[in-house]
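Beneath this line is the structure, given in structure tokens, with notes to follow.
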Amino acid sequence: MRLSTHPPLDRFDAVPAASYRPEHGPVRAWLYLLAVLVVAMVAIGGATRLTGSGLSITEWRPVTGVVPPLSAADWALEFDKYRDTPQYRILNQGIGLDGFKTLYWWEWGHRLLGRIVGLVFFLPFAWFWIRGMLGRRLLLGLLGLGLLGGLQGAIGWIMVASGLQPGMTAVAPLKLALHLTTASLILAGLVWLAAGTRPRALAPAPESVRLFAGLLPVLVLIQIWLGGLVAGSKAGLLYNTWPDMDGVLVPPARVLFDKVPWIENFVDNLALVQFNHRLFAYLVVLAALAHAIQAVRAAPGAAAGRAMGVAVLATAQMGLGIVTLLLQVPLWAGLAHQVFAMAVLIMATVHARLSLGVPAAAAPEAGDVPIGLETLVGRGA
């Protein structure tokens with residue numbers, strides 16, 4: 001009998017290294033598909049907001065709500081519910097059934113896509129988990145995103161409910177900003193996880209580049225939050241000049257802080273809401289340009305190329321925002337501005353993740369053990 005010179009296999013060696021890092025197609029493709037669906041969700045949500053359709057469905061029915069009205073009686077019942085809302089009585093009185101149907105289909109489509117995103121997440125997730133294709137770190141990240149997705153559905157209804165309160169004709173700006181930012185966080189999380197599953201190893205960028213790259217997605221998310229406040233309060237319909245705001249570069253303090261208590265100005269004062277969004281856009285662009293220059297000097301190659309890509313997209317997004325403002329937010333420009341913000345976030349997130357480096361496929365560490373069906377039932381000898 002020949003004795004092996006190799007050490008005995010432990011529980012980590014029992015599965016090939018490729019099982020631990022989902023570096024081949026299915027998991028990575030699934031994550032990017034989810035990212036595309038989230039972007040579509042943001043786009044349809046933007047159209048729902050810009051067309052004033054978000055309050056056309058007055059109930060939250062997560063299961064039965066998937067079926068739209070199918071008969072004249074069903075449509076009449078839904079229309080009666082809408083006619084009991086402040087938005088109808090104040091803004092849309094006399095809209096008619098055909099006009100209501102247009103509003104309804106936008107909101108119904110938005111909610112339907114949300115349900116589709118949930119199914120596309122959970123069904124493949126269960127399959128990959130059973131097959132042992134998810135490492136522990138990836139599994140925990142996906143579980144976190146799943147919980148955040150469920151929370152996002154609840155936030156969406158809380159947002160809609162805020163617009164059904166007496167005297168309200170639209171949803172509360174803070175809740176809309178939270179809804180948009182949560183969707184953006186989910187998108188960033190998906191892209192972050194997907195970028196970490198690339199098949200080829202990648203050396204980390206220099207520390208200074210890594211730190212700056214990690215800051216950019218945070219800045220973009222803050223700017224998305226501020227943009228959500230602008231959208232929710234319709235502040236983009238005022239001060240439709242640039243670079244000034246109706247003749248002045250900086251509105252006087254009596255205009256920016258005319259509400260008491262002063263903290264309410266950051267949400268309810270349309271001049272300050274728009275001004276903050278403008279200022280932070282300049283900050284994001286300047287930070288992206290400075291980082292691109294830094295990366296070209298410190299890490300010429302892939303990292304520099306990605307940094308330049310972030311700078312170009314951020315600058316283009318600011319230009320699109322200016323056009324949207326000057327045109328007083330037509331539907332096409334408002335949608336393009338919102339969707340392009342997701343493109344900036346995706347690029348910044350991918351750059352930040354890849355700047356950390358991606359190790360070569362190797363024996364897993366204790367923190368990255370695959371958790372699949374074989375983990376529960378034990379492996380055969």
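The values are calculated or read from the model by the stated rules, or taken from the named source; none is laboratory data. All values reported here derive from a predicted model rather than from experimental measurement. Every residue, glycine as well, gets a Cβ built from its backbone with ideal geometry; the counts of neighbours run over all protein chains shown. With ligands, DNA and RNA removed, areas are computed over all heavy atoms of the protein, side chains included. Shrake-Rupley method; radii C 1.70, N 1.55, O 1.52, S 1.80 Å.
Can you name the residue in the stretch 149-173 that is assigned to a helix (DSSP H, G or I) and small (Gly, Ala, Ser) and, of all such residues, is most open to solvent (accessible area, probe 1.4 Å)?
Top of the filtered list is Gly150.
If Ala40 satisfies all but one of (1) of a type in the set (Gly, Ala, Ser); (2) under 13 Å from the mean Cα position of the chain (by Cα); (3) open to solvent by 60 Å² or more (accessible area, probe 1.4 Å), what's the number of the condition it fails?
Every condition holds for Ala40 apart from (3).
Which residue pairs have Cβ atoms under 9 Å apart, sit 6 or more places apart or on different chains, and have a first residue in the stretch 345-359 that is on the phi > 0 side of the Ramachandran plot and a second that is among the charged types (D, E, K, R) and open to solvent by 10 Å² or more (accessible area, probe 1.4 Å)?
Gly357/Arg210
Quick check on the stretch 178-196. Is at least one of its residues closer than 22 Å to Tyr82 by Cβ and either modelled with pLDDT of 95 or more or open to solvent by 30 Å² or more (accessible area, probe 1.4 Å) (or both)?
yes
Taking only the stretch 54-82 into account, find how many residues are among the charged types (D, E, K, R) and closer than 25 Å to Pro173 by Cβ. It would help to see each step written out before you state the result.
First, the residues of the stretch 54-82 that are among the charged types (D, E, K, R): 59, 61, 74, 78, 80-81.
Those still in the list that are closer than 25 Å to Pro173 by Cβ too: 59, 81.
The number of residues fulfilling the criteria is 2.
Residue-by-condition table, conditions (1) open to solvent by less than 20 Å² (accessible area, probe 1.4 Å); (2) at pLDDT 95 or above; (3) closer than 20 Å to Val38 by Cα; (4) of a type in the set (Lys, Arg):
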position	(1), (2), (3), (4)
Ala316	no, yes, no, no
Leu320	no, yes, no, no
Thr324	yes, yes, no, no
Val350	no, yes, yes, no
Gly357	yes, no, no, no
Val369	yes, no, no, no
Gly378	no, no, no, no
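Which of the residues spanning the stretch 234-285 are of a type in the set (S, T, N, Q) and either open to solvent by 40 Å² or more (accessible area, probe 1.4 Å) or not in a helix (DSSP H, G or I) (or both)? Show your work before the answer.
Quick first cut of the stretch 234-285, residues of a type in the set (S, T, N, Q) only: 240-241, 265, 269, 274, 276.
Once the filter is applied, which keeps residues that are of a type in the set (S, T, N, Q) and either open to solvent by 40 Å² or more (accessible area, probe 1.4 Å) or not in a helix (DSSP H, G or I) (or both), the stretch 234-285 yields Asn240, Thr241, Asn269.
In the stretch 79-134, how many are among the acidic types (Asp, Glu) and under 24 Å from the mean Cα position of the chain (by Cα)?
First, pick out the residues of the stretch 79-134 that are among the acidic types (Asp, Glu): 80, 84, 98, 107.
Filter again for under 24 Å from the mean Cα position of the chain (by Cα), leaving 107.
Summing the residues that are among the acidic types (Asp, Glu) and under 24 Å from the mean Cα position of the chain (by Cα) in the stretch 79-134 gives 1.
Go through the stretch 68-111 and count every residue that is open to solvent by 60 Å² or more (accessible area, probe 1.4 Å) and either of a type in the set (A, V, I, L, M, F, W, C) or in contact with a Ser or Thr (Cβ under 7 Å, 6 or more places away or on another chain) (or both).
Qualifying residue count, the stretch 68-111: 9.
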